[in-house]
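Please read the structure below before turning to the comments.
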Amino acid sequence: MITETARDQVIELGIRHKAGYLLEQAGYTLALAKLDGEPLYELLPDNYIQEFTAAIDQVRDSLKDRALAAEESKSSTQAVNEAVRAAKIWRRKVNNRADRAARMGKQIPAALITAEGVKGVPGVITQLDKMVKLLEANVSSLSGAGLRSLIDEGKDLSDGLKAVDASQEVKRLRELSEKVHEFHYQKGLVYIAIKVINGAGRELHVHDPAAATKYNLSILNRRVGGKKAAAAANA
């Protein structure tokens with residue numbers, strides 16, 4: 001089993017990623033995993049690579065279906081995907097600034113120094129709103145130019161995500177055929193498997209940063225803001 005995550009949550013992940021980019025990223029990750037071979041496989045559940053390969057094949061085969069290909073092209077989730085990635089980049093900027101202040105002896109809330117992982121667009125929105133409020137409450141402790149702009153950027157990102165919440169897309173998909181549901185579900189499985197394998201690869205190469213960083217999402221992220229944004233979004 002690739003994941004025990006609820007089906008609706010996997011579908012939400014699937015609709016946020018175009019099949020073409022996802023398949024290209026999956027091919028890269030699979031090839032990298034095969035190069036590491038057994039040492040990597042031992043860090044994964046039994047038959048994980050085989051299940052990953054099967055999900056890739058199912059997504060690829062589904063694209064041969066004209067109806068599914070049409071659904072993929074009209075999906076309106078690209079704006080959601082880009083907004084979430086922009087939020088991750090903003091979060092990283094806040095973490096860096098807060099960490100600097102903490103190292104200089106300032107009392108900084110832990111939620112600004114290390115942002116917890118969250119699931120789904122609603123979770124990202126809640127986190128953004130919380131971090132913005134904490135920034136406003138700790139202005140005197142955070143040195144450096146552009147703090148007001150950083151706060152305003154966080155508010156704008158939160159507002160933007162609320163306007164393009166992926167839950168609206170999920171609601172639309174629930175009204176479509178089971179075949180469409182399954183297509184996005186399999187895409188979600190592929191995405192989750194890529195993330196799981198990346199985690200295993202980074203663990204395997206924990207003492208070799210150059211090798212560890214090869215396990216990334218650079219192909220999937222490359223269309224959003226260039227190399228700098230892709231690097232931040234991999235976090």
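The values are calculated or read from the model by the stated rules, or taken from the named source; none is laboratory data. These figures come from a predicted structure and were not determined experimentally. All Cβ positions, even for glycine, are placed from backbone atoms using ideal geometry, and neighbour counts span all protein chains on display.
Checking Leu68 against (1) hydrophobic (A, V, I, L, M, F, W, C); (2) out of contact with any Ser or Thr (no Cβ under 8 Å at 6 or more places or on another chain); (3) surrounded by 12 or more Cβ atoms within 10 Å (Cβ to Cβ), which single condition isn't satisfied?
(2)
Any residue in the stretch 192-220 that's under 24 Å from Ala19 (Cβ atoms): show its pairings with residues that are of a type in the set (Ser, Thr, Tyr) and at pLDDT below 95 at Cβ separation under 6 Å, as long as the two are six or more apart or on different chains.
Correct list of pairs: Leu220/Tyr21.
Return the residues of the stretch 131-159 that are assigned to a helix (DSSP H, G or I) and either in contact with a Lys or Arg (Cβ under 6 Å, 6 or more places away or on another chain) or among the small types (Gly, Ala, Ser) (or both); say none if nothing qualifies.
Val132, Ala137, Ser140, Ser141, Ser149, Gly154, Ser158
Where in the stretch 44-117 are there helices (runs of 4 or more DSSP H), lying wholly inside it, with at least 2 residues that are touching a residue at least 60 places away in the same chain (Cβ under 8 Å)? Please lay out each step first, then the result.
Numbers: elements: 48-62, 66-74, 78-103, 110-113.
Answer list for the stretch 44-117: 48-62, 66-74, 78-103.
Within the stretch 4-18, how many residues turn out to be in a loop (DSSP other than H, G, I, E, B) and out of contact with any helix residue (DSSP H, G or I) (no Cβ under 6 Å at 6 or more places or on another chain)? Even if it seems obvious, please write down each step before you answer.
Taking the stretch 4-18 and keeping what is in a loop (DSSP other than H, G, I, E, B), we get 4-6, 16-18.
Now drop any that are not out of contact with any helix residue (DSSP H, G or I) (no Cβ under 6 Å at 6 or more places or on another chain), which leaves 4-6, 18.
Going through the stretch 4-18 one residue at a time, the tally reaches 4.
Go through the stretch 80-115 and report how many residues are among the hydrophobic types (A, V, I, L, M, F, W, C), exposed (fewer than 14 other Cβ atoms within 10 Å of the Cβ) and either modelled with pLDDT of 90 or more or under 21 Å from Phe183 (Cβ atoms) (or both). Can you show your working first?
Going residue by residue through the stretch 80-115, those that are among the hydrophobic types (A, V, I, L, M, F, W, C) are 80, 83-84, 86-87, 89-90, 94, 98, 101-102, 104, 108, 110-113, 115.
After this cut, where a residue has to be exposed (fewer than 14 other Cβ atoms within 10 Å of the Cβ) as well, the list is 104, 110.
Next, from what is left, pick out any that are either modelled with pLDDT of 90 or more or under 21 Å from Phe183 (Cβ atoms) (or both): 110.
Count: 1.
For (1) modelled with pLDDT under 95; (2) within 21 Å of Lys88 (Cα to Cα); (3) part of a helix (DSSP H, G or I); (4) not aliphatic (A, V, I, L, M), each residue gets a yes or a no:
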site	(1), (2), (3), (4)
Lys187	no, no, yes, yes
Ile192	no, yes, yes, no
Ile197	no, yes, yes, no
Glu203	no, no, yes, yes
Tyr215	no, yes, no, yes
Leu220	yes, yes, yes, no
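Among the residues of the stretch 190-217, write down those that are of a type in the set (D, E, K, R) and farther than 20 Å from Tyr48 by Cα. Write out each step before concluding.
Within the stretch 190-217, the subset of a type in the set (D, E, K, R) is 195, 202-203, 208, 214.
Asp208 - this is the single residue of the stretch 190-217 that is of a type in the set (D, E, K, R) and farther than 20 Å from Tyr48 by Cα.
Kindly establish whether Tyr21 is in a helix (DSSP H, G or I), within 24 Å of Arg222 (Cα to Cα) and more than 16 Å from the chain's Cα centre (by Cα). Even if it seems obvious, please write down each step before you answer.
Working: in a helix (DSSP H, G or I): yes; within 24 Å of Arg222 (Cα to Cα): yes; more than 16 Å from the chain's Cα centre (by Cα): no.
In short, no.
Between a residue in the stretch 145-158 that is closer than 14 Å to Ala86 by Cβ and any residue that is surrounded by fewer than 18 Cβ atoms within 10 Å (Cβ to Cβ), which pairs come within a Cβ distance under 8 Å, given they are 6 or more apart or on different chains?
Leu150/Lys93; Ser158/Asp129
Looking for something modelled with pLDDT under 90 and of a type outside the set (Asp, Glu) - is there at least one such residue anywhere in the stretch 50-63? It would help to see each step written out before you state the result.
Our first condition is that a residue be modelled with pLDDT under 90; within the stretch 50-63, this holds for 63.
Within this subset, residues satisfying the condition of being of a type outside the set (Asp, Glu) are 63.
Within the stretch 50-63, one or more residues are modelled with pLDDT under 90 and of a type outside the set (Asp, Glu).
Applying the selection to the stretch 1-35, what residues are of a type outside the set (D, E, K, R), surrounded by fewer than 15 Cβ atoms within 10 Å (Cβ to Cβ) and either over 27 Å from Leu161 (Cβ atoms) or touching a Pro at 6+ places or on another chain (Cβ under 7 Å) (or both)?
If the condition is that a residue be of a type outside the set (D, E, K, R), surrounded by fewer than 15 Cβ atoms within 10 Å (Cβ to Cβ) and either over 27 Å from Leu161 (Cβ atoms) or touching a Pro at 6+ places or on another chain (Cβ under 7 Å) (or both), then Met1, Gly27, Ala31, Leu35 are the ones that fit.
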